[in-house]
4 protein chains.
Amino acid sequence: MTLHTDARRNHACLIVHGPDQPGIVAAVSALIARNEGNIVTLDQYSDNPQGGEFFQRVVFHRADLTATMPAIEADLEKTLGPLGMTWVLTDQSVPKRMAILASTSDHCLLELLWRHRRGELPVTIPMVISNHTNTAEDVRSFGIPFVHVHSQGPDKSAAEAEILKLLDGNVDFVVLARYMQILSEDFLAKIGVPVINIHHSFLPAFIGAAPYKKAKERGVKLIGATSHYVTADLDEGPIIEQDVARVDHRMTAADLQARGAYVERAVLSRAVQWHAEDRVIRHGNHTIVFSDRP
Amino acid sequence: MTLHTDARRNHACLIVHGPDQPGIVAAVSALIARNEGNIVTLDQYSDNPQGGEFFQRVVFHRADLTATMPAIEADLEKTLGPLGMTWVLTDQSVPKRMAILASTSDHCLLELLWRHRRGELPVTIPMVISNHTNTAEDVRSFGIPFVHVHSQGPDKSAAEAEILKLLDGNVDFVVLARYMQILSEDFLAKIGVPVINIHHSFLPAFIGAAPYKKAKERGVKLIGATSHYVTADLDEGPIIEQDVARVDHRMTAADLQARGAYVERAVLSRAVQWHAEDRVIRHGNHTIVFSDRP
Amino acid sequence: MTLHTDARRNHACLIVHGPDQPGIVAAVSALIARNEGNIVTLDQYSDNPQGGEFFQRVVFHRADLTATMPAIEADLEKTLGPLGMTWVLTDQSVPKRMAILASTSDHCLLELLWRHRRGELPVTIPMVISNHTNTAEDVRSFGIPFVHVHSQGPDKSAAEAEILKLLDGNVDFVVLARYMQILSEDFLAKIGVPVINIHHSFLPAFIGAAPYKKAKERGVKLIGATSHYVTADLDEGPIIEQDVARVDHRMTAADLQARGAYVERAVLSRAVQWHAEDRVIRHGNHTIVFSDRP
Amino acid sequence: MTLHTDARRNHACLIVHGPDQPGIVAAVSALIARNEGNIVTLDQYSDNPQGGEFFQRVVFHRADLTATMPAIEADLEKTLGPLGMTWVLTDQSVPKRMAILASTSDHCLLELLWRHRRGELPVTIPMVISNHTNTAEDVRSFGIPFVHVHSQGPDKSAAEAEILKLLDGNVDFVVLARYMQILSEDFLAKIGVPVINIHHSFLPAFIGAAPYKKAKERGVKLIGATSHYVTADLDEGPIIEQDVARVDHRMTAADLQARGAYVERAVLSRAVQWHAEDRVIRHGNHTIVFSDRP
């Protein structure tokens, strides 16, 4: 159900958010109709029909979209502004620019590169940045630039500054594909684009380091992975997607880690895809995910 | 996310179906807005944006719904008729009347009765009909009438006539909860309401009798269950829901059957719930299911 | 693969536990062979082949088992004692006696009673004890005694004493089927049989009260349930089984609770079955579960 | 729980198969004990305790295994021969040689190569053979030889002869990783090693070509994949592993195919791993799989 590059041509995605009130759906769909758009999918959610907040995602087709965008935007401003609604309109044929930060692990990184090559992720990948060099050849074999940013020692500020310089103006979001450096509050304040992480546990269980070791010690029967937006509070950001795998007493912490890698790559891929397709709306420390999961 | 009895008060469900064309969503939502309805959920699907068929399900809240229904229906006729669309408007506070046909097995039957008692199935159950008597006491302990219709011998016409007479005018749909009699074409022509069956295999594998035995013989590693609308073509009706469970070489056909019972009761329950909530639209031999699966 | 009552006749289950050493499997299987037993299933596990601990579960068939048990036990003592191994031999045709403690919720309680009636749980149920009366009629319709033990107010000691008196000498294990009273350390010290609980979260996430509310607040995308042996440390006992279900932003805490009930009854049922079949070995705060999961 | 290269040193796998009879487990474990082996895992299965067939898989550690193998084999012959049992003893430190046949699709192929590079598949890969050239560069980037065997036109005999010549003496089993040519009966008769296929449906549903198209037409709610040993009867060979994914009405046949690719690569990988680890025993048209699934 992912719209591939060709299929995304002349498709716009409209995200609307604001106080719930009667007639919003009618107002938005009338706006699209009078601008000659044809609605392809429409999702909406209100966290409380009485005085709650309203969220909507509409994908519509409009011939000659690029030329028409300014007029539609003006209409949106005129129509939704007085209702106190905010909105974002994006041209679905313009892929988001996604940078990947990685360390030595290749499972999440290669999965993203491979899905991208298959045409399943509507993004461009201007660069992969790693604090290690072991994946350089793999990354470049996908035709993606690889940049090594050295990050040894306790002071990460030079490395972070170098990364910020590389990203500045070049990316729409950043994915931490098992990047093993904790990003400073200062870095997050400066980066200016969403950052998506994959944590190797079913948060909020096993927050912090070495979750597979902790899982083994607690004797759980399921391990999991969690993809979330990065905030200054470590492992506490809004969760986008989670999944689990069954484990048992025979498995060592290393076995859990090996098994968990498959959960991590799947969970992160789904989160990245939904973000790239404007399916995820952040709301406080929660997400509304208008996923296409069957 | 199921709307419970109280929550369903003053909620209407509108199903719209017809040729896809620009502006339908706007027309429908404007209609709801001008009739002072507030959209709670909206799902839509077009099987082809260019000249395909369009399906929509909208649940909206309208104060004093009962009194307003005729006016809304008139507006629907006036608005959608010219567009060639068909529509059905239902008051969600009026539960559908569901009869259950059963035989000796109790797993699907009791699960439905129990979910109903929990308030999770928005139906009333005017009667359970069985060609056996073993579940009579259980059924009556839920406060549901139990009727035994004897069905021995090759000629089922008397039994079928008796069942038709019991159902006539009293039910909105019928559920075959592991009912082990094949219904005649004549019966199905006369019954006049949808009939939902649970088949004990992942159709179209193992059509016909004894699917667990066939599954054991073929050596499959998954068994399944399928809930579908009953048509004159045995096991060929539109599929509503399916699920599977893992099995292995150690399990006998009897073990598969025991394990499969848990899949059957879950699959049938979901199909019944979605049908009762007007989430299932039949289209040829397919279903569009606007499910609430997360 | 569960051995039903008839199939369990003349079947013994032998659990062996102790320091891993070469030749144990040979010693045990030779012992069974010379006592004319025929091994039906055999599971084993060593947590470290070099100096670790060894665990084995063997089910074997022996004609005229009851008369032969003392001789086999004597042989076990003579053979395994010198190796520093402990062992337990149980006649599989003797069902364990299981008491259930419940409160108002019926989903776990009825599931256990129903599986028992189907012959899927190799137990007898001498009594259900509840601090509420709402499930009395349901329980008795299964032919199981129901005892109400009043438990209001902060001092639970009288209620606990009454429960202990009811259980004393009458049960082999106790199941807390959503029993909403915290058992005192004193009670647990006196009870003398294993106690199995179902916790409504994927432990160790959301320890303590109101886990569905906490899950909603954290915005997780999966909810879970955990069955574990009860210890003096609340929610910290050895985990037997866990499972999860997917949820999304549309669901309220009440929806999570309704959805979670299905996970709870399934997880608790599996844990109870495995315990009743001597498939679970406690080892520190872990379990070795020789499950029959395909 | 997969034993990695180092961990597999001095580990042997013994497969025993023959008429079930009392004392086999004891005989085998005594044999291993007197040959100074230490049992690491033991699985067994009898398809009928009364006169059925018995299957056993034992992995044991023996210091200096290579030098001891002949003596153990002689003991096995002497011990099991008179009981009518057949057996196979393999040195687990010797990886099986696996050739992969592929066409244009890369998802199964790359998954196998990548898992192999991670050390998760205990095989060597002497070559990948394809009737297309598009994956050549990818395959060689893993350090694996790629051979293009042209296969156009109705007569496949020249291509098959070329493949047979490449494989002859060089491989222990062959994997069809979405290889889109039907192998002739003659080829299968000559190849002399097991051939594992991945079929893109949950067999026996949708046998033959274009299963995703057929699945769309039937309106199923789950799609699947099946890995099986190849026999002369197309899609009828013994099933090793299966899995499914949920789909819905919104998905086109192309969407099903894209989604199915993830099921296919997972199912084939598990089947290959279990075969490589001697966990799969063929028995008529069935398999006994002593999997390590938790």
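The values are calculated or read from the model by the stated rules, or taken from the named source; none is laboratory data. Nothing here was measured: the structure is a model prediction, and the numbers come from that model. Neighbour counts are summed over all protein chains in view; Cβ atoms, including those assigned to glycine, are modelled from backbone coordinates with ideal geometry. Please note that ligands, DNA and RNA were not included when accessible areas were found on the heavy atoms of the full protein model with its side chains. Shrake-Rupley method; radii C 1.70, N 1.55, O 1.52, S 1.80 Å.
What FRET efficiency comes out for C:A158 versus C:D233 if R0 is 30 angstrom and r is the Cβ-Cβ distance? Round to the nearest 0.05. Spell out each step's value before the answer.
Numbers: r = 25 Å, r/R0 = 0.82.
Calculated value: 0.75.
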Closest approach to the axis - chain B beta-carbon, rotation onto A, Å: B:S29, 2
Solvent-accessible surface (1.4 angstrom probe) belonging to B:L42, in square angstrom, nearest 10: 10
The range C:189-256 pair-distance distribution - Cα-Cα, 10 Å bins, rounded %: 21, 48, 23, 7, 1
Residue among A:R270, A:R282, A:R57 with the largest mean-square fluctuation in a Gaussian network model of chain A, springs linking Cα atoms under 10 Å: A:R282
Accessible surface of B:S105 - all protein chains present, 1.4 Å probe, nearest 10 Å²: 40
For the range B:210-287 and the range B:81-109, distance of Cα centres in Å: 20
Area buried, chain A against chain B - accessible surface, total, 1.4 angstrom probe, square angstrom: 1300
Cα pair distances exceeding 18 angstrom across the range A:72-193, given as percent: 58
The range D:1-94: mean projected area of Cα convex hull, nm²: 5.8
Of all accessible heavy-atom area on the protein assembly as shown, the percent that carbon and sulfur account for (1.4 Å): 54
Between the range A:111-137 and the range C:44-69, the alpha-carbon center distance in angstrom: 51
Heavy-atom accessible area, 1.4 Å probe, ligands and nucleic acids excluded: residues of the range C:261-291 down by at least 20 Å² from chain alone: C:Y262, C:R265, C:N285, C:H286, C:T287, C:V289
The range C:96-289: projected area of the alpha-carbon convex hull, averaged over directions, in nm²: 10.6
Accessible-area value, D:D172, 1.4 Å probe, nucleic acids and ligands omitted, Å²: 60
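What relative contact order, as a whole-number percentage, does chain A give when Cα pairs under 8 Å and 6 or more residues apart are counted?
15
Going through the range C:61-159, which trypsin sites (Lys or Arg not before Pro) have at most 14 other Cβ atoms within 10 Å and a DSSP loop state?
Working: sites: C:R62, C:K78, C:K96, C:R97, C:R115, C:R117, C:R118, C:R140, C:K156; in loops: C:R62, C:R118, C:K156.
Sites meeting the loop and neighbour criteria: C:R118.
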Given B:K214/D:K78; A:K156/A:K213; A:K96/B:K221; B:K214/C:K221; A:K190/A:K214, the pairs whose alpha carbons are separated by over 31 Å: B:K214/D:K78; A:K96/B:K221; B:K214/C:K221; A:K190/A:K214
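With the contact rule set at Cα under 8 Å and sequence spacing of 6 or more, what percent relative contact order holds for the range C:132-262?
Details: 162 pairs, mean separation 22.9, N = 131.
So the answer I get is 17 percent.
Probe radius 1.4 Å, ligands and nucleic acids left out: which of D:S201, D:S93 has the largest accessible area, and how do the rest follow?
Values: D:S201 5, D:S93 45 Å².
The most accessible residue leads, giving D:S93, D:S201.
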Exam field: B:D91 pseudo-label spacings to other copies (7 Å along Cα-Cβ), nanometres: 5.1, 6.5, 8.3
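Can you give the helix-only mean residue ellipticity at 222 nm for chain A, where every DSSP H stretch with n ≥ 4 adds -39500 (n - 2.57) and the sum goes over all residues, rounded to the nearest 500 deg cm²/dmol?
On the way: 9 runs with 98 residues, N = 294.
Calculated at 222 nm, the ellipticity per residue is -10000 deg cm²/dmol.
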Inter-copy label distances at D:A209 (7 Å, Cα→Cβ; nm, one decimal): 3.6, 5.8, 6.7
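Would you tell me the mean number of C-beta atoms belonging to other protein chains that fall within 10 Å of each C-beta in B:28-39, as a whole number? It would help to have the intermediate numbers written out before the result.
Details: counts 3, 10, 7, 1, 4, 8, 2, 0, 2, 3, 9, 9.
So the per-residue partner count for this stretch is 5.
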Per residue value of the accessible surface for chain A (all protein chains in place, 1.4 Å probe), Å²: 38
Whole-Å semi-axes of the protein assembly as shown's equivalent ellipsoid (Cα gyration tensor): 47, 40, 32
